[in-house]
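*Asks:* Mind having a look at this structure? Questions to follow.
The values are calculated or read from the model by the stated rules, or taken from the named source; none is laboratory data. Just so you know, these numbers come straight off a predicted model, no measurement behind them. Ideal geometry is used to build each Cβ from the backbone, glycine not excepted, and the neighbour counts take in all protein chains shown. Areas reflect the complete protein model, heavy atoms only, side chains present, ligands, DNA and RNA absent. Shrake-Rupley method; radii C 1.70, N 1.55, O 1.52, S 1.80 Å.
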Amino acid sequence: MNPLLLDKMADIINAKSKVFYAVVPRMKLEYMDVHGESLQKTYCHVLSIVRLKQQQGKKRNVWNIYETDIENVIRKISQRDRHFADRIDRCELTTTDVEIIAKRASFKAVNLKISPMAVD
């Protein structure tokens, strides 16, 4: 996966959302993954999304979306939507693309609702 794509997603979230803030740490995150019947160490980049304002009834404020989950979502959407695949190849994401990728890669845990206009 193109690492610039994660940076672009974080930039769009930071520029167009009042509620969420996104960070892409430079170091890869280490986690355990199941391969066959054994666990193996895996390293990948992470898109960390943080809720800036605490909401009533919401306990979770930070989500880590793994690069591998984002790759899977992009691959599935690209198979059906050629225009989406072209935007991914050119690294020219729209706000709708970022919303869809974040929602599907987080298994519907994050619903960004990004404004198409820049937030001051």
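*Asks:* Only one of these is more than 17 Å from Asp7 (Cα to Cα), within 18 Å of the chain's Cα centre (by Cα) and at pLDDT below 95: Lys59, Lys53, Lys108. Name it. Before you say what the answer is, go through the steps one by one.
*Replies:* Numbers: Lys59 fails: within 18 Å of the chain's Cα centre (by Cα); Lys53 fails: within 18 Å of the chain's Cα centre (by Cα).
One residue alone meets the criteria, Lys108.
Quick grid of which residues meet (1) of a type outside the set (A, V, I, L, M, F, W, C); (2) in contact with a Cys (Cβ under 9 Å, 6 or more places away or on another chain); (3) farther than 26 Å from Leu29 by Cα:
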{"site": "Ser48", "(1), (2), (3)": "yes, no, no"}
{"site": "Tyr66", "(1), (2), (3)": "yes, yes, no"}
{"site": "Asn72", "(1), (2), (3)": "yes, no, no"}
{"site": "Lys76", "(1), (2), (3)": "yes, no, no"}
{"site": "Phe84", "(1), (2), (3)": "no, no, yes"}
{"site": "Glu99", "(1), (2), (3)": "yes, no, no"}
{"site": "Ala102", "(1), (2), (3)": "no, no, no"}
{"site": "Ile114", "(1), (2), (3)": "no, no, yes"}
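*Asks:* Helices (runs of 4 or more DSSP H) wholly in segment 1-107 with at least 2 residues that are closer than 23 Å to Met117 by Cα and among the basic types (Lys, Arg) - which ones?
*Replies:* Numbers: elements: 3-16, 67-80, 82-90, 95-105.
Filter on segment 1-107 gives 3-16, 82-90, 95-105.
*Asks:* How many residues are open to solvent by 80 Å² or more (accessible area, probe 1.4 Å) and of a type outside the set (Lys, Arg) if we restrict to segment 37-54? Give the steps one after another, and end with the answer.
*Replies:* Keep residues of segment 37-54 that are open to solvent by 80 Å² or more (accessible area, probe 1.4 Å), which gives 37, 39-41, 43, 52-54.
If we keep only those that are of a type outside the set (Lys, Arg) too, we end up with 37, 39-40, 43, 52, 54.
Count: 6.
*Asks:* Additional query: Within segment 45-60, can one find any residue that is of a type in the set (Val, Ile, Thr) and over 15 Å from Ala105 (Cα atoms)?
*Replies:* Filtering segment 45-60 down to residues of a type in the set (Val, Ile, Thr) leaves 46, 49-50.
Checking the rest, the ones that are also over 15 Å from Ala105 (Cα atoms) come to 50.
Checked against the condition, which is being of a type in the set (Val, Ile, Thr) and over 15 Å from Ala105 (Cα atoms), segment 45-60 yields at least one hit.
*Asks:* A further question follows. With the requirement that a residue be acidic (Asp, Glu) and surrounded by 14 or more Cβ atoms within 10 Å (Cβ to Cβ), what does segment 5-36 give you? Spell out the reasoning first.
*Replies:* First, pick out the residues of segment 5-36 that are acidic (Asp, Glu): 7, 11, 30, 33.
Residues satisfying the conditions are Asp7, Asp11.
*Asks:* A further question on this structure: Could you tell me which of the residues Val34, Val24 is among the aliphatic types (A, V, I, L, M) and either within 24 Å of Ile100 (Cβ to Cβ) or touching a residue at least 40 places away in the same chain (Cβ under 8 Å) (or both)?
*Replies:* Details: Val34 fails: either within 24 Å of Ile100 (Cβ to Cβ) or touching a residue at least 40 places away in the same chain (Cβ under 8 Å) (or both).
So the residue among Val34, Val24 that is among the aliphatic types (A, V, I, L, M) and either within 24 Å of Ile100 (Cβ to Cβ) or touching a residue at least 40 places away in the same chain (Cβ under 8 Å) (or both) is Val24.
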